[in-house]
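Heads up: the structure comes next, in structure tokens.
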Amino acid sequence: MTNSLIEKLVELRGIESNYVDAWGDAVQISDDTKSMLLGAMGYDVENEEALEKRISDDIDKSWMSPLNPVQVNREHEALIIPVRLPIELVNDAFSFVITTEQGKTHSVNFVPSDGELINSVDIDDIEFQEYVVQIKETMPLGYHQVVLNADDGDTLAQMRWIIAPQRCYIPDDIDNGKKVWGLSVQLYCLRSERNWGVGDFTDLSYLLGQAGRQGAQFVGLNPVHALYPANPNGCSPYSPSSRRWLNFIYIDVTAIAGFEHESVQKIVNSHEFQATLNHAREIDYVDYEAVTRLKLQALNAIFEVQYETLVNQKTEQNKAFTAFIEEGGESLEMLATFDAIQESLTKEGKPAWGWPVFPKEYNEFQNPAVVKFRKNNASRVTFFMFLQWQAALQLEQANQAAQDAGMQIGIYRDLAVGVSEGSAEIWGNRSLYVTDASVGAPPDVLGPLGQNWGLPPMDPQELYQQAYQPIVDLFSANMQSSGALRIDHVMALLRLWWVPKGEKADKGGYVYYPVNDLLAILALESHRHQSLVIGEDLGTVPDEIVTMLRENGIHSYRVFFFEQAEDGGFYSPSHYPEQSMSTLTTHDMPTLTGYWHCLDLELGNELNLYPSAEVLENLYHSRHENKQRILDTLHGHGAIPEWTDRSAEGMAMHKQLNHGMQYHMAKGSSALLSLQLEDWLEMDKPVNIPGTSSEYPNWKRKLTRNLEQIFTDPTLNNLALGLTEARNSVSKPKQS
């Protein structure tokens, strides 16, 4: 009996029973995994009586609510609204009062039984019936409110109604066949003559200006989400504290009003400060502890200088800061409070890596003790809001630099798939996240053992109950000050691989999400922000999502090294879909030099990432075959000089081969081409090795040259001009 209840719940909660893996084989999800996933969702799978009651209560709750919490439609669809009522009320008169986001009000009078009956159920001997009511008014795009009133005017229920466009925004030129290229960078990796040991928003402005003048139409960034000011070594951009807010470490402190004040300069010019600054600049890996200490020292001093003007005086600065705080609302207040509590606990020497180890009275944003802390530490909370304000201002200045350089897209941002377990985002909305599970990936080419990313997933049912507001906020926030958004692991809109807490990655299973609704919201926000959307669709990808992404105007992600035919040959980039972004490699892969010299396999072996020597031997064999196929492809398309060796055996990576691979990609059919700045510099070390944490200095490696040197290098300038020429040569206006 319990097994049948579990199977019923598996279906109701969208847990997939089987899937096709990255090698095309059918995989069955075990009963144990299904039970563990349901347990993570809060179901007592060991208690049949409790399980049966929970299922019954869930069904009853949905039927006793006359309206759904949210409904999503596309423009030009026939509009209907389902209504659930006890049978004795279905012949009564009711009305919908629809208030559009634009402020217009529509009233629709109806009798439920005049509509179409679509379902009925008995609950405690009362029959409930569900009818659909047709709405003849044309609804504009946006977020609207529907109120269900009885004929006596009493309000019975409310619903959010979202009307979205058919597909995401695509700039006209790109939609009409223009091919563009840009650079992909990890912002923290940037070196410059003036930064403080980590790339910052002023570096980004400079990079955008220089790249734009050389023909690049965008610069793609790593996620710039908020991390942990009190825990600087929690530096992975893909394990953030909040995806709505920014990482303060990218602030250029020297560009803030007040930096020149005597009190600030006394700190900055001290011997100890300058010694630490020189150290942070000179080393090859970002010293996050040193950089954070330097920036917080200076920012604290600047904030003290500005405090009266910002908070207590009616100045233009005060008005702007106040408006920023009001617009940020509870989300901004929550993050700033979290950062202040974490800082306070750290100073006291108490465990503070995240809310799970906070004292009980502080382990949830809504707790009374947190409210009291916020009042007693108002200045400190305001300081962390100030950091977010300055970061947002400087990111927007970089966005303006891209526009000034004539870039078609400018900044393209990256939205991480989740937040870390101890994050502020979970702390502020505990019911939304399933903390007894983690997001990851099943075994595939990138991770033969599977991957566990340590990111608790959103509960799709709770997301629906919250009328999708958290997703609306995420999309909107990450399209600010940019022209494109890359969604990391875009399959998350359809399904996520959940790994039960304490289990290995291969013991997980897929949980489905309301993909059509999420894609519609993405399209709506995309048009509002004029933001092109790229979906990172690597790994184990079901066929159904590929078509959905294309139809919704989302650009696919094509990595040259993964585009292989069954015979082992590499597809020509001229055969890639136009609606895609192509690239040679990514932040989770070796650089071109690292790939060619098998340095990633060497590192993986040192770090024990492969289950056996046989697996490693097969990887080496496959790599050598692939290198020869790549060389054959480049020669076949005339992408490298005739004099270049035709045998990959013993052949080292060299400049002509490196540039030839980039030119080969530039003549492809993808609308967007992204190239890594590391490959321009012929670097060999990767920025991240999937499946590792402390074993390798992930997310810390800097570029080998300063930005100022890069853009005065004639060889790189010629490469950029050649890429622009190649892209222009394959730009073909679509036939009308």
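The values are calculated or read from the model by the stated rules, or taken from the named source; none is laboratory data. Treat the numbers as computed from the prediction; the structure is a model and nothing was measured. Using ideal geometry, Cβ is built from the backbone for each residue, glycine included, and neighbour counts are taken over all protein chains shown.
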Point to revise | Check on LEU601, touching a helix residue (DSSP H, G or I) at 6+ places or on another chain (Cβ under 6 Å) and either outside any helix (DSSP H, G or I) or surrounded by 18 or more Cβ atoms within 10 Å (Cβ to Cβ) (or both) | key: yes
Practice item. Spot the failing condition for ASN377; the list is (1) at pLDDT below 95; (2) in contact with a Ser or Thr (Cβ under 9 Å, 6 or more places away or on another chain), and only one is missed. Key: (1)
**Study point:** Near pairs, Cβ below 8 angstrom, 6+ apart or cross-chain, from region 270-291 (more than 15 Å from GLY199 (Cβ to Cβ)) to any residue that is outside any helix (DSSP H, G or I) and of a type in the set (D, E, K, R)
**Key:** HIS279/ASP287
Check your understanding: Taking the stated definitions as given, is LEU631 farther than 26 Å from ILE409 by Cα, touching a Lys or Arg at 6+ places or on another chain (Cβ under 9 Å) and without any contact (Cβ under 8 Å) to a residue 40 or more places away in the chain?
Key -> yes
Check your understanding: MET651: outside any loop (DSSP other than H, G, I, E, B), in contact (Cβ under 8 Å) with a residue 12 or more places away in the chain and more than 26 Å from ASN608 (Cα to Cα), yes or no?
Key -> no
Check your understanding: Would it be correct to say that ASN91 is exposed (fewer than 12 other Cβ atoms within 10 Å of the Cβ), on the phi < 0 side of the Ramachandran plot and either without any contact (Cβ under 8 Å) to a residue 60 or more places away in the chain or part of a strand (DSSP E or B) (or both)?
Key -> yes
Point to revise | Checking GLN461 against (1) surrounded by fewer than 24 Cβ atoms within 10 Å (Cβ to Cβ); (2) at pLDDT 95 or above; (3) part of a loop (DSSP other than H, G, I, E, B); (4) not acidic (Asp, Glu), the condition it does not meet | key: (3)
Point to revise | Identity of the residue in region 435-456, among the aliphatic types (A, V, I, L, M) and under 15 Å from VAL417 (Cβ atoms), that ends up surrounded by the fewest Cβ atoms within 10 Å (Cβ to Cβ) | key: LEU446
Check your understanding: Among (1) at negative phi; (2) more than 15 Å from the chain's Cα centre (by Cα), where does GLY450 come up short?
Key -> (1)
Review point. Only one of these conditions is not met by TYR571: (1) farther than 30 Å from ARG495 by Cβ; (2) aromatic (Phe, Trp, Tyr); (3) surrounded by 13 or more Cβ atoms within 10 Å (Cβ to Cβ). Which number is it?
Key: (1)
Check your understanding: Does at least one position in region 79-86 carry a residue that is of a type outside the set (Gly, Ala, Ser), surrounded by fewer than 19 Cβ atoms within 10 Å (Cβ to Cβ), free of Cβ contacts under 8 Å to residues at least 24 places away in the same chain and in the same structural domain as THR155 (by TED's automatic domain parsing)?
Key -> no
Exercise for review: List the number of the failed condition for ASP632; all other conditions in (1) of a type in the set (D, E, K, R); (2) farther than 21 Å from MET683 by Cβ; (3) within 34 Å of the chain's Cα centre (by Cα); (4) surrounded by 13 or more Cβ atoms within 10 Å (Cβ to Cβ) hold.
Suggested key: (3)
